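This report concerns only the one structure given below.
The values are calculated or read from the model by the stated rules, or taken from the named source; none is laboratory data. Predicted, not measured: the structure shown is a model, and the values here were computed from it. Counting neighbours? That spans all protein chains shown, and the Cβs are built from the backbone with ideal geometry, glycine included. Accessible surface is based on the protein model in full, side chains and every heavy atom, while ligands, DNA and RNA are left aside. Shrake-Rupley method; radii C 1.70, N 1.55, O 1.52, S 1.80 Å.
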Amino acid sequence: MRKSIGLSLLAVSALVFVAACARGPVTPVPPTVRVAEFRSTLFTPDYVRFFGRIIINNNMRASLDFQKVDSGMSLFDKDLVSQTFTGMQTVRRNGTETVSLPMRIPMKEILAQHIAVLAEGKMQFTFRGSVYPSEASGFAPIPFSQTIEVPLPNIPTVTFLQTSGVPLTDQFHVWIG
């Protein structure tokens, strides 16, 4: 009986060993990055505020560290702003990390491209960047990019209707429509 238990254990361990070897080597799957959200949140005469959010997917069966995220924005392919985010967390196996990247663009930067904006009738903003995995992972930087178009506001039309009274007095009235 002891002999049969020993043989059963030997057979089970051999089966586990063969199954583990048949699986083959583990090939690392690089992480992926996608832009989850990119939009303008506020337009003022002084600046425009944008918000970008990326999602980093760790597709490996082990935790993975990331160094930083370099991101920026451009208007018609002319760089407006760039920034670096270094507060990265360790992403657990098959896990995700969400990184929010707010940006503020001075209106003078946008107005410097007024010819292109007026010619196109819209503003084409591109949110782009790269996520840098740790050097120990062996993975190259992972790029991301998304473009949105913001239409120009319509300028209201004003029509002169009539005037009455004496100019430069309180009795002078102008009607516009």
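So the values come out like this:
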| quantity | calculated |
| --- | --- |
| Entirely in region 125-177, the strands (runs of 3 or more DSSP E) that have 1 or more residues that are open to solvent by less than 60 Å² (accessible area, probe 1.4 Å), at pLDDT below 90 and closer than 28 Å to PHE43 by Cβ | 142-151 |
| Among residues of region 58-80, those that are in contact with an Asp or Glu (Cβ under 9 Å, 6 or more places away or on another chain), open to solvent by 40 Å² or more (accessible area, probe 1.4 Å) and closer than 23 Å to PRO133 by Cα, counted | 1 |
| Single residue of region 81-112 satisfying the filter (open to solvent by less than 20 Å² (accessible area, probe 1.4 Å) and not in a strand (DSSP E or B)) that is modelled with the lowest pLDDT | ILE110 |
| Test: residue in region 22-32 that is under 23 Å from TYR132 (Cα atoms), surrounded by 12 or more Cβ atoms within 10 Å (Cβ to Cβ) and at pLDDT 90 or above | yes |
| Qualifying positions in region 37-57 - within 30 Å of ALA136 (Cα to Cα) and open to solvent by 60 Å² or more (accessible area, probe 1.4 Å) | ARG53 |
| Matching residues in region 25-49 - criterion: being assigned to a strand (DSSP E or B) and of a type in the set (S, T, N, Q) | THR32, SER40, THR41 |
| Test: residue in region 71-89 that is farther than 25 Å from ILE148 by Cα, without any contact (Cβ under 8 Å) to a residue 24 or more places away in the chain and among the small types (Gly, Ala, Ser) | yes |
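Residue-by-condition table, conditions (1) among the charged types (D, E, K, R); (2) touching a strand residue (DSSP E or B) at 6+ places or on another chain (Cβ under 7 Å):
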{"position": "ARG61", "(1), (2)": "yes, no"}
{"position": "GLN67", "(1), (2)": "no, yes"}
{"position": "GLY72", "(1), (2)": "no, yes"}
{"position": "LEU75", "(1), (2)": "no, yes"}
{"position": "THR84", "(1), (2)": "no, yes"}
{"position": "GLY87", "(1), (2)": "no, no"}
{"position": "ARG93", "(1), (2)": "yes, no"}
{"position": "THR98", "(1), (2)": "no, yes"}
